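Undergrad: Got a structure here, written out as structure tokens. Questions coming.
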Amino acid sequence: MRSEKELATLRLCSRFLAPYQALFSRKSSALPLLAALTTLPIFACRHVEAPPSCPPGAKLMGVPPPKGAEVWCQKSVDGRPVKDGLFIVYTTGGSKMVEGVYRNGIQDGEWVLWYENGARASIDYYRNGVQDGSHTSWYADGQKALEGEYHNGKRQGIWTQWDPSGLTSHKMVYQDGKLAK
């Protein structure tokens with residue numbers, strides 16, 4: 001199943017490539033040239049970031065770089081603004097720093113953080129505003145730093161921590177958020 005972001009990118013690329021489809025439907029000696037000319041837009045579309053889309057009833061707010069630093073989806077609930085949908089914060093350089101989803105003002109699903117250098121810093125999962133699911137974090141050079149599971153906001157089970165060289169430093173076992181002895 002494709003994400004809303006992927007679907008928006010595909011729609012954007014389809015609109016861009018539509019005029020070329022008629023050329024391919026005719027037999028022509030220019031077919032190799034046409035194929036070469038259309039290859040570039042196809043590959044370029046892989047890297048086009050479609051504008052964020054919001055769920056029904058929500059409106060895109062904020063301004064992305066270069067003029068802004070944050071975008072989010074917002075709806076009104078009982079006359080109050082509530083985040084609902086995609087939420088992105090950008091670094092001063094314009095790359096993503098935080099990306100996640102709100103459902104009715106509460107964190108939900110995957111949340112990703114990046115370092116200023118563009119390297120992924122961590123991935124966490126939320127359910128009803130509480131960390132619930134796998135957690136993975138990395139050092140700024142891309143080397144894995146920590147991995148484990150959250151259940152209802154508390155560390156649970158085996159957590160593995162690596163030193164910056166990539167060697168396993170140690171494993172820790174958590175029970176209901178507390179380090180087991």
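Undergrad: Test each condition in (1) assigned to a strand (DSSP E or B); (2) on the phi > 0 side of the Ramachandran plot for residue 118 and report the one that comes out false.
TA: Unmet condition: (1).
Undergrad: Report, by residue number, each residue of region 160-177 that is under 22 Å from residue 115 (Cα atoms) and in contact with a strand residue (DSSP E or B) (Cβ under 7 Å, 6 or more places away or on another chain).
TA: 160, 161, 162, 163 - these are the residues of region 160-177 that are under 22 Å from residue 115 (Cα atoms) and in contact with a strand residue (DSSP E or B) (Cβ under 7 Å, 6 or more places away or on another chain).
Undergrad: Restricting attention to region 138-171, which residues are among the hydrophobic types (A, V, I, L, M, F, W, C) and free of Cβ contacts under 8 Å to residues at least 24 places away in the same chain?
TA: Hits for region 138-171 are 138, 145, 146, 158, 159, 162, 167.
Undergrad: Another question, then. Taking region 82-115 only, how many residues are β-branched (Val, Ile, Thr), outside any strand (DSSP E or B) and closer than 29 Å to residue 161 by Cβ?
TA: Residues in region 82-115 being β-branched (Val, Ile, Thr), outside any strand (DSSP E or B) and closer than 29 Å to residue 161 by Cβ: 1 in total.
Undergrad: Collect the residues in region 162-176 that are of a type outside the set (Asp, Glu) and closer than 27 Å to residue 128 by Cα, keeping them in residue-number order.
TA: Within region 162-176, 172, 173, 174, 175 meet the criteria.
Undergrad: Same structure, new question: Could you list all residues from region 125-181 that are in a strand (DSSP E or B) and small (Gly, Ala, Ser)?
TA: If the condition is that a residue be in a strand (DSSP E or B) and small (Gly, Ala, Ser), then 133, 134, 137, 145, 148, 157, 169 are the ones that fit.
Undergrad: I'd like the residue in region 64-81 that is part of a strand (DSSP E or B) and either out of contact with any strand residue (DSSP E or B) (no Cβ under 6 Å at 6 or more places or on another chain) or at pLDDT below 95 (or both) and, out of all such residues, is surrounded by the fewest Cβ atoms within 10 Å (Cβ to Cβ).
TA: This residue is 80.
Undergrad: If you don't mind, another one. Name the residue that is surrounded by the fewest Cβ atoms within 10 Å (Cβ to Cβ), counting only residues in region 141-158 that are over 23 Å from the mean Cα position of the chain (by Cα) and under 22 Å from residue 129 (Cβ atoms).
TA: 157
Undergrad: Which members of region 126-139 meet the condition of being surrounded by fewer than 18 Cβ atoms within 10 Å (Cβ to Cβ) and either within 14 Å of the chain's Cα centre (by Cα) or aromatic (Phe, Trp, Tyr) (or both)?
TA: 139
Undergrad: Could you please find all residues in region 99-109 being exposed (fewer than 15 other Cβ atoms within 10 Å of the Cβ) and either of a type in the set (Asp, Glu) or touching a Gly at 6+ places or on another chain (Cβ under 8 Å) (or both)?
TA: Residue satisfying the conditions is 109 alone.
The values are calculated or read from the model by the stated rules, or taken from the named source; none is laboratory data. Computed from a predicted structure; not experimentally measured. Neighbour counts are summed over all protein chains in view; Cβ atoms, including those assigned to glycine, are modelled from backbone coordinates with ideal geometry.
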